[in-house]
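Participant: My structure is below; once you've seen it, I'll send some questions.
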Amino acid sequence: MALARRVAVLSGVAISALAEIAGAEEPARPVHVAVKLTRAPGADGCISPDEVVARTKERASADILLTVEQKRADFFVLGHVEPRAGGFRTELVLRDAHGRALGERTIDSPARSCRALDESLTLALVLLVETPRVRAAAQTKATEPLDELPPPLYEEAPAPRIEPLRLPPPPPHTRTPWVIDVGLGASVPIGFTPVATVGPSLFGMVHVPHFVPVAVRGAAYPLGTDRKTVPGEGISVRGVEGGVELCPLDLGRTRVNVLACAGAHYALLHAEPLGPQSRDGSLGFLVLPLRVEVRGRAGAFAPFAAVAARFAPTSPAFVYRVAGASEQPSFSVPAATAELDVGLSWRAFP
């Protein structure tokens, strides 16, 4: 009985010694340090958490395990990078498994490029994980480690939601219609015939889209105006004229419209004899009118009044000859004549 008791005691002592030896030979577990790096808007191009962990592993001791995984970590490094005026600021804080702050590093850099912080950020992280508190943790573990990372230094605000800009649909394409006005009036020429007369005038004006108004205008003077040459002889003159005008100046108003037009007309004067020795004849020549017209709106109709200057480049003339004498002008059209025109216009199309 005594021998058996001694054998049991010796066996227990031997087993305990072997267990202590085995425990002493078991290698220490690496210190687990979890790294979380946040980047503020404007610092999105800075070094990523995975890259900074990889760079720090190359310089830190082998018994320090650096990861971005948070669970069962012994220590945590919380980092934040944000742009500042003239550069960037980086803040690093080392916390233990209970969330207590153990050290911090702040880096202010005037660099324009965020990647210029890579080296200084890696060095600061190495210095934090190599502190004596972390080194001693390889032998003394936290009894109640945190399973999750403590709250970060800065809460990452969610990116603002930008509502899409909703533009109104474009208006349906509509073609600008052509507009045609017609008018009828009374024309009084001054200098165009031997004496002032009156005759009907007619015009049509086309308002072309993206162009100046174009007018086709004409007037007739059927009442003969007489010019005596010698006693018992003379001529009676009648005429017509018409042509095309462009109206580059169109000052439109609600009630009043002012037009300025210029163009080219062809004029024809016919002379009938007033004596047995006189003969008939005709003159055709070019006239260049310059016209200013004022219209007033009155419902569907627009009364108008106009004054025009007519320029005849050739100054044609009727001539007569007395026996034994040279030709004498019976009537000569001046180089510049005038016209007064009043009437009524209305919209024919659309």
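Participant: Look through the range 229-256, keep the residues that are under 17 Å from Ser282 (Cα atoms) and of a type in the set (A, V, I, L, M), and return whichever of them is surrounded by the fewest Cβ atoms within 10 Å (Cβ to Cβ).
Facilitator: In this case the residue turns out to be Val240.
Participant: Related question: Can you list the strands (runs of 3 or more DSSP E) lying wholly within the range 166-234 that have 1 or more residues being basic (Lys, Arg)? First the steps, then the outcome.
Facilitator: On the way: elements: 179-190, 199-207, 214-228.
Passing ranges, in order: 214-228.
Participant: Where residues in the range 59-95 are of a type in the set (Val, Ile, Thr) and under 20 Å from Val134 (Cβ atoms), which of them is farthest from the chain's Cα centre (by Cα)? Quick ask: steps written out before the conclusion?
Facilitator: At the first step, the residues of the range 59-95 found to be of a type in the set (Val, Ile, Thr) are 64, 67-68, 77, 81, 90, 93.
Still in the list and also under 20 Å from Val134 (Cβ atoms): 64, 67-68, 77, 90, 93.
Values: Ile64: 59, Thr67: 51, Val68: 48, Val77: 49, Thr90: 41, Val93: 49 Å.
So the residue we want is Ile64.
Participant: OK, next. Among Ala302, Ala335, which is of a type in the set (A, V, I, L, M, F, W, C) and at pLDDT 90 or above? I'd like the intermediate steps shown before the answer.
Facilitator: Working: Ala302 fails: at pLDDT 90 or above.
Exactly one residue qualifies, and that residue is Ala335.
Participant: Of all residues in the range 66-108, count the ones that are closer than 16 Å to Leu121 by Cα and of a type in the set (Asp, Glu).
Facilitator: So the count comes out to 4.
Participant: Which count do you get for residues in the range 261-292 that are in a strand (DSSP E or B) and charged (D, E, K, R)?
Facilitator: Here is the first cut: in the range 261-292, the ones in a strand (DSSP E or B) are 261-273, 281-292.
Next, only the ones that are charged (D, E, K, R) stay: 272, 291.
Qualifying residue count, the range 261-292: 2.
Participant: Within the range 263-312, track down each residue that is surrounded by 14 or more Cβ atoms within 10 Å (Cβ to Cβ), more than 54 Å from the chain's Cα centre (by Cα) and among the charged types (D, E, K, R).
Facilitator: Of everything in the range 263-312, just one residue is surrounded by 14 or more Cβ atoms within 10 Å (Cβ to Cβ), more than 54 Å from the chain's Cα centre (by Cα) and among the charged types (D, E, K, R), namely Glu272.
Participant: Please verify whether the range 51-58 includes one or more residues that are modelled with pLDDT of 85 or more, assigned to a loop (DSSP other than H, G, I, E, B) and on the phi < 0 side of the Ramachandran plot.
Facilitator: Checking the range 51-58: at least one residue is modelled with pLDDT of 85 or more, assigned to a loop (DSSP other than H, G, I, E, B) and on the phi < 0 side of the Ramachandran plot.
Participant: How many residues, within the range 293-330, are closer than 22 Å to Ile180 by Cα and assigned to a loop (DSSP other than H, G, I, E, B)?
Facilitator: So the answer is 3.
Participant: Further question: Among the residues of the range 96-117, is any assigned to a loop (DSSP other than H, G, I, E, B), modelled with pLDDT under 80 and among the hydrophobic types (A, V, I, L, M, F, W, C)? Let's see the steps before the verdict.
Facilitator: Narrowing the range 96-117 to residues assigned to a loop (DSSP other than H, G, I, E, B): 97-100, 110-113.
In the following step, the residues that additionally are modelled with pLDDT under 80 were identified as none.
Among the residues of the range 96-117, not one is assigned to a loop (DSSP other than H, G, I, E, B), modelled with pLDDT under 80 and among the hydrophobic types (A, V, I, L, M, F, W, C), which makes the answer no.
Participant: Which count do you get for residues in the range 88-120 that are surrounded by 20 or more Cβ atoms within 10 Å (Cβ to Cβ) and under 13 Å from Leu78 (Cβ atoms)? Full working, then the answer.
Facilitator: Of the range 88-120, the ones surrounded by 20 or more Cβ atoms within 10 Å (Cβ to Cβ) are 88, 90, 92, 94-95, 97, 114, 117.
Of the ones still in play, those that are also under 13 Å from Leu78 (Cβ atoms) are 90, 92, 94-95.
Residues in the range 88-120 being surrounded by 20 or more Cβ atoms within 10 Å (Cβ to Cβ) and under 13 Å from Leu78 (Cβ atoms): 4 in total.
Participant: Would you be able to tell me the number of residues in the range 313-335 that are within 15 Å of Tyr266 (Cα to Cα) and surrounded by fewer than 19 Cβ atoms within 10 Å (Cβ to Cβ)? Before you say what the answer is, go through the steps one by one.
Facilitator: The initial filter retains those residues of the range 313-335 that are within 15 Å of Tyr266 (Cα to Cα), namely 313-316, 333, 335.
This time we only want the ones that are surrounded by fewer than 19 Cβ atoms within 10 Å (Cβ to Cβ), so: 313-316, 335.
So the answer is 5.
The values are calculated or read from the model by the stated rules, or taken from the named source; none is laboratory data. In this text, all values refer to a predicted model and were calculated from it rather than measured experimentally. Please note: Cβ atoms are built from the backbone with ideal geometry, for glycine as well, and neighbour counts cover all protein chains shown.
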